[in-house]
1. Explain nothing, just the number: dipole magnitude of the chain about its Cα centre with +1 on each Lys and Arg Cβ and -1 on each Asp and Glu Cβ, in debye rounded to the nearest 20.
2. Would you work out the relative contact order for the chain, in percent, from Cα pairs under 8 angstrom that are 6 or more residues apart?
3. Per the helix-only calculation at 222 nm, which mean residue ellipticity applies to the chain, given -39500 (n - 2.57) for every DSSP H run of n ≥ 4 and division by its residues, nearest 500 deg cm²/dmol?
4. Within the chain, which chymotrypsin sites (Phe, Trp or Tyr not before Pro) sit in a loop by DSSP and count at most 16 neighbouring Cβ atoms inside 10 Å?
5. Rounded, prolate or oblate: which one fits the chain, using the alpha carbon gyration tensor with axes a ≥ b ≥ c (rounded when a/c is under 1.5, else prolate when a/b beats b/c, else oblate)?
6. Under 10 Å, Cα contacts only: if you run a Gaussian network model on the chain, which one of P21, P41, P56 comes out with the highest mean-square fluctuation?
7. Pairing the Cα long axis of helix 45-54 with the longest principal axis of the chain, what angle in degrees results, from 0 to 90 and rounded to the nearest 10?
8. Report the gain in length on full extension from S18 to E45: 0.36 nm times residue separation, minus Cα-Cα distance, nm rounded to one decimal.
Amino acid sequence: MRVHVDQEICQGHGRCYSLAPELFEPDDLGNSSEIGDGTVPPGQEDAARRAVANCPEYAITLEDGER
Ligand code: F3S
């Protein structure tokens, strides 16, 4: 599973890195990007889904690599 923040859409609401600080980090302006390549470590899946669901701009996409 991987997360990705669309930089064109993110408006810096900050919910993602508040809810999932191990997956997202803010830049100097408060806009978010995924940490590393966005791979969600084991145990962080719920945090990833919560971040996606709580972004008011729908800037975060989730790729589910495992089926
Ligand atoms: Fe940006 Fe959404 Fe997070 S607007 S800072 S990706 S909650």
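The values are calculated or read from the model by the stated rules, or taken from the named source; none is laboratory data. Everything quoted here is computed from the prediction, not taken from an experiment. Neighbour counts run over all protein chains shown; Cβ positions are idealised from the backbone, glycine included. Surface areas here come from the heavy atoms of the whole protein model, side chains and all, with no ligands, DNA or RNA. Shrake-Rupley method; radii C 1.70, N 1.55, O 1.52, S 1.80 Å.
1. Working: 5 positive and 14 negative charges, 55 e Å.
Result for the chain is approximately 260 debye, rounded to the nearest 20.
2. Working: 113 pairs, mean separation 30.9, N = 67.
The value is 46 percent.
3. Values: 2 runs with 15 residues, N = 67.
Here the helix-only value at 222 nm equals -6000 deg cm²/dmol.
4. On the way: sites: Y17, F24, Y58; in loops: Y58.
Here the chymotrypsin sites (Phe, Trp or Tyr not before Pro) that fit, given the DSSP loop and packing criteria, are Y58.
5. On the way: a/c = 1.69, a/b = 1.59, b/c = 1.06.
Prolate, because a/c is 1.5 or more and a/b exceeds b/c.
6. Comparing P21, P41, P56 in a Gaussian network model of the chain, the most mobile one is P41.
7. 40 degrees
8. Details: separation 27, 0.36 × 27 = 9.72 nm, distance 1.52 nm.
That works out to 8.2 nm of additional length.
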